[in-house]
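Engineer: A single structure is presented below for examination.
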Amino acid sequence: MSFEKFTGTRDVAPALAFDAERLAAWMRENDVIPSEGIVTPAKAGAQSLKVSQFKGGQSNPTYLIESGTKKFALRRKPPGKLLPSAHAVEREYRVMTALAATDVPVPKTYVLCEDPEVIGTPFFLADYVAGRVLWDPTLPGLTNEERSAHYIELNRVIAALHKVDIQAVGLGDYGKPGNYLARQIDRWSRQYRASETEGIHSMDNLIEWLPENIPPGEETSIVHGDYRIDNVIFHPTEPRILAVLDWELSTLGHPLADFAYHCMTWRMPEGAHGRGLAGVDLAALGIPAEREYIARYCRLTGRESIPHFEYYLAYNMFRLAAILQGVKARALQGNAASAEALSAGGRTRAIADEGWKQAERVIEKKA
């Protein structure tokens, strides 16, 4: 599977273009540029900012903004009709800013602009972090020792996130306390129905079954909501994460549901429904098995085990299917962030089917 279509930048899609000079003027007016990257006014028709669009991502469009020697990442809401509570760049900005002083690596944030008059939708500016985005979880081209080290680092960072003191970093009101799974199932059921383009029997089953079988046990931490290997930037040469990206789905929630989402990689087939590790000879590659990976997370977070892990997997497959359905709906409207959005949205049915199969395994165990 080629990942060139996800890697690097491209020209800005016409539907996602904006007035770069209006942005440059706003940046000058609000004094948001450090002295080493001052934006100078355009001369003789030249643009004072170079703007390109990152290829990856299916939701909030992200742009590379170059001004002299300084590079920024601009993250914005997409234009057009949006689903309720979706594309919350304001929340992304808040959580990244709050986590700057913790063990969770995040890009430095500069400013949030909620005025849609500047580029058409709210946006924020952060540092552009140079490094490696690893799209293929089998990590081709690395040694077994390097693969192992990268997965150890992935595990360390999500454990660090779940151990952050939410009150100490000012995020005590970042989400509603309690009933996280019930609220999330309700939210994603509504989001799915609002963007539904065809009937999917397995999604109907999950929407009915999941809320009736929520496991006991409330825990609350910051949850990323989309933590996976291609949503972090690794150091150019070291197995060290420099920045965790794409905080759009973050909130206060159940850390085990968040961790199980991350672990779906081990259950997804390689190159089929997505970028997965199911069927891969992990030992031959030096990649930890799912059980080993879970055990490491438990040691790092001070727990003995993860009860109801299978339920959390079913829930996350349902949630992913709902997200992909939203991607498909935006692609059909023509305002998706990525050129590959329609293809990604086409995976909705397959992921929903996997989710219902997972739920059936839970049902069989209870029988």
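Engineer: Would you say A283 is assigned by TED's automatic domain parsing to the domain that holds K176 and under 25 Å from Q191 (Cβ atoms)?
Structural biologist: no
Engineer: Of (1) among the hydroxyl-bearing types (S, T, Y); (2) crowded, with 19+ Cβ neighbours inside 10 Å; (3) in a helix (DSSP H, G or I), T121 satisfies all except one. Which?
Structural biologist: With (1) among the hydroxyl-bearing types (S, T, Y); (2) crowded, with 19+ Cβ neighbours inside 10 Å; (3) in a helix (DSSP H, G or I) applied to T121, the lone miss is (3).
Engineer: Something else now. Across the range 211-236, what is the number of residues that are within 23 Å of the chain's Cα centre (by Cα), farther than 16 Å from A159 by Cα and in a loop (DSSP other than H, G, I, E, B)?
Structural biologist: Summing the residues that are within 23 Å of the chain's Cα centre (by Cα), farther than 16 Å from A159 by Cα and in a loop (DSSP other than H, G, I, E, B) in the range 211-236 gives 2.
Engineer: A follow-up question, please. Yes or no: the range 243-265 includes at least one residue that is under 15 Å from R156 (Cα atoms), assigned to a loop (DSSP other than H, G, I, E, B), assigned by TED's automatic domain parsing to the domain that holds M317 and touching a Leu at 6+ places or on another chain (Cβ under 8 Å).
Structural biologist: No.
Engineer: Taking Y110 and the conditions (1) modelled with pLDDT of 95 or more; (2) assigned to a strand (DSSP E or B), which numbered condition does it fall short on, given that it satisfies the others?
Structural biologist: (1)
Engineer: Taking D165 as meeting all but one of (1) under 25 Å from G302 (Cα atoms); (2) surrounded by 15 or more Cβ atoms within 10 Å (Cβ to Cβ), write down the number of the exception.
Structural biologist: (2)
Engineer: With respect to R190, is the statement that it is farther than 30 Å from A17 by Cβ, in a helix (DSSP H, G or I) and touching a helix residue (DSSP H, G or I) at 6+ places or on another chain (Cβ under 8 Å) true?
Structural biologist: So R190 does not fit the description; no.
Engineer: Only one of T251, T237, T220 is surrounded by fewer than 23 Cβ atoms within 10 Å (Cβ to Cβ), hydroxyl-bearing (S, T, Y) and in contact with a Gly (Cβ under 6 Å, 6 or more places away or on another chain); which?
Structural biologist: T251
The values are calculated or read from the model by the stated rules, or taken from the named source; none is laboratory data. Source: prediction; values computed, not measured. In this analysis, Cβ positions are derived from the backbone assuming ideal geometry, glycine residues included, and neighbour counts consider all displayed protein chains.
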